[in-house]
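Data first, discussion second: the structure below is written as structure tokens.
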Amino acid sequence: MGTGDIVNMVGDLTDPEHRLPGERDSERSGLLEDAQHWLHVYGELVAFKRTLLSTAEVHKDGAPEPVVLEVSNDQALLRSELDRLERRHSFWQERAQQLQKGA
């Protein structure tokens, strides 16, 4: 994987408009099961990112300054990803509620 690939990947992960493969089709779906699927997927991803952030924080305790700085940079990226994932989770939560009400 080249540097350009990594830069593109980071851009996708922090882009608020980024969707997971297959997700865009489900946004137009009227099936509650589709919304529930993505709600579950994003719930898992949010939990994973939160775990990574907590783990990173633990590793900073008592670490040398260069480690703290590098881990803090990682945390900034993780927070950006977490923000995007939380927004998508909220979208699917609202979508599932709409579909349950028959909207």
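The values are calculated or read from the model by the stated rules, or taken from the named source; none is laboratory data. Bear in mind the structure is a predicted one, so any value in this text is a computation, not a measurement. Note: ideal-geometry Cβ built from the backbone for every residue, glycine included; neighbour counts use all protein chains shown.
Some points to look at:
- Glu33 vs. criteria at pLDDT 95 or above and farther than 24 Å from Gly102 by Cβ: no
- Single residue of Gln97, Gln93 found to be polar (S, T, N, Q), out of contact with any His (no Cβ under 8 Å at 6 or more places or on another chain) and over 20 Å from His18 (Cα atoms): Gln97
This table checks each residue for (1) under 22 Å from Lys101 (Cα atoms); (2) charged (D, E, K, R); (3) touching a residue at least 40 places away in the same chain (Cβ under 8 Å).
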position	(1), (2), (3)
Leu13	no, no, yes
Gly22	no, no, no
His40	yes, no, no
Val46	no, no, yes
Thr51	no, no, no
His59	no, no, no
Val68	no, no, no
Arg88	yes, yes, yes
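- Criterion: in contact (Cβ under 8 Å) with a residue 12 or more places away in the chain and in contact with an Asp or Glu (Cβ under 9 Å, 6 or more places away or on another chain) - qualifying residue of Ser26, Ser72, Ser80: Ser26
- Matching helices (runs of 4 or more DSSP H) fully within the range 1-94 where at least 3 residues are of a type in the set (Ser, Thr, Tyr) and under 17 Å from the mean Cα position of the chain (by Cα): 32-60
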